[in-house]
Amino acid sequence: MWGDAPREVDQSTIKAATRKALEEKIDQVCSILTSIETDVIKLRFGLTGGGRDRSCREIGKLLGIAPARVAEIETRAVAKLGIVQT
């Protein structure tokens, strides 16, 4: 009798579970990258650090490297991941 009643689902629980699954998938995909490549990709595409895309200049300041170097690292990482950029 009670087993047929629909349960009310807590939206925060669903969001937390979805976020955790997404983070695990991102980590899995980034496992082929070096740690600096992973950091650059996650920051550049807003996958960390508050979910905001960051510029090469911002990332360079955070990591202590030149913005041009950030762009080089991003290009190499994107090529490794097989992402087509337009």
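The values are calculated or read from the model by the stated rules, or taken from the named source; none is laboratory data. Keep in mind it's a predicted model, so treat the numbers as computed, not measured. Note: ideal-geometry Cβ built from the backbone for every residue, glycine included; neighbour counts use all protein chains shown.
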Original post:
Looking at region 52-75, which of its residues are touching a helix residue (DSSP H, G or I) at 6+ places or on another chain (Cβ under 9 Å) and of a type in the set (D, E)?
Top reply: D53, E58, E74
Subject >> Residue, farthest from the chain's Cα centre (by Cα), within region 30-39, restricted to residues that are part of a helix (DSSP H, G or I) and surrounded by 15 or more Cβ atoms within 10 Å (Cβ to Cβ) >> reply: I36
**OP:** Among residues belonging to region 55-86 that are modelled with pLDDT of 95 or more and not in a helix (DSSP H, G or I), point out the one that is farthest from K20 (Cα to Cα).
**Re:** A66
Original post:
How many residues are over 22 Å from A21 (Cβ atoms) and surrounded by fewer than 16 Cβ atoms within 10 Å (Cβ to Cβ) when one looks only at region 40-54?
Top reply: 0
Original post:
Only one of these conditions is not met by T48: (1) at pLDDT below 95; (2) in a helix (DSSP H, G or I); (3) more than 18 Å from I83 (Cα to Cα). Which number is it?
Top reply: (2)
Subject >> Check on K42, part of a helix (DSSP H, G or I), at pLDDT 90 or above and touching a Ser or Thr at 6+ places or on another chain (Cβ under 8 Å) >> reply: yes
